[in-house]
Amino acid sequence: MTSTVERPVSAPPVAPRRRFVLRGPGVGLAVGAVVLFAVAPVALSDFRLSLLAKYLCIAMVAVGIGLAWGRGGLLTLGQGVFFGLGGYAMAMHMKLADAGPGQMPDFMLLYGQLDALPWWWAPFRSPYFALPATVLLPMLVAFLLGSLVFRRRVRGAYFAILSQALAAALAIFLIGQQGTTGGTNGLTDFQGFFGYDLDDPVNQRMVYFIVAASLLALLLIARQLIRSRYGELLVAVRDSEERVRFLGYNPANVKLVAYVVAAGMAGLAGALFVPAVGIINPALIGIVPSIEFVIGVAVGGRATLLGPVIGAVAVAWARTTLSEEFPAAWTYLQGLLFVLVVAFLPGGLASARVLLRRRSP
């Protein structure tokens, strides 16, 4: 008669709990949120805070450029077009709201060229049309343009020149429409922003917080796209477009998505730029502003998530500071800053940490 010995049954191994740890860009986003929402409103005056809101709007454009150029290799020299479309859409609504129901904006009455409101102005009287239009209209234009360009395999310098020509064409068109767009002066002298008086410093701070929150939201969207399978495919198209096509993907569609998303980000930036700064005109959306957007991204580091934001804010801040201290020579100093960063930090300011690690013993 055999006896059976009962062996203790060991408990199944318990999987270790996953802890949420912030690393890399996550730490940068957390630090940036603290600086923007806790430190800056306390440390800066109302005037400097309004300047920071302006810089953050430029940084929003840089996030889209970093996605399209840094990840997709699309040198977009015409983001001023989408920035202007979003800005003018918001400005048209604000001018109509200031004028009141059934009235025309003040600049149309001043120039005396129109007897009635143009038909294409009328829909912007409704906020339910104007707000989505600030983002969807730039995305629609980018989709139509990108569908024609990318399917014809236009890329590299040809794409950059084409996008730059589009920015010049839009600026020239707006200048020629004195009675309907304000011409060279653009649209300015806004009184309210969805019922809030823009002359009140409290409301100006509210605009700043809206801009800061929007920037963080765009960074989270860009981070998700970069970490997704689409982000890997976008990098693959940048590095070897023909190989991606051989694997069965259409590179035109991959680049089109990045181009459209970047246009939507620029449109939102332009829409928030109007209440933050109080003006939108052709000088802000032409060739020079479009190139300055790209310079900020290059200085910060186009291949990273936070680099374009850092570079855009740094370049915009340097421009303001240098113009205050050296009114006649600030453009040369700004150019010298760009040359030094490109020469000694090819990866932008974001690569300084990596270089310091390599050189440290």
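Readers should treat all values here as calculations from the given coordinates under stated rules, not as data from a laboratory. No experiment lies behind these values; they were computed from the predicted model shown. Here the Cβ positions follow ideal geometry from the backbone for every residue, glycine too, while neighbour counts run over all protein chains shown.
For the stretch 125-255, a/c is not less than 1.5, where a ≥ b ≥ c are the root eigenvalues of the C-alpha gyration tensor, and a/b does not top b/c. That puts it in the oblate class.
Classify the stretch 31-72 as rounded, prolate or oblate, taking a ≥ b ≥ c as the square roots of the eigenvalues of its Cα gyration tensor: rounded when a/c is under 1.5, otherwise prolate if a/b is larger than b/c and oblate if not.
oblate
For the residues Phe326, Phe37, Phe293, a GNM of the chain with alpha-carbon springs under 10 Å puts the largest fluctuation on Phe326.
Close amide-amide hydrogen proximity is noted between Ile280 and Leu187, each under 5 Å apart and 5 or more residues distant or on a separate chain (H modeled in the peptide plane; Pro and chain starts excluded). Here the contact order of the chain, divided by its residue count and restricted to Cα pairs under 8 Å and six or more residues apart, works out to 31 percent. In percent, rounded to a whole number, the relative contact order of the stretch 180-335 is 23, using alpha-carbon pairs under 8 Å and six or more apart.
Taken about its Cα centre, the chain carries a charge dipole of roughly 2060 debye when the Cβ of each Lys and Arg holds +1 and the Cβ of each Asp and Glu holds -1. Values (1) 1.29; (2) 0.94; (3) 1.09 are given for comparison; Rg/Rh (Cα atoms, Kirkwood Rh), derived from the coordinates here, is the one labelled (3).
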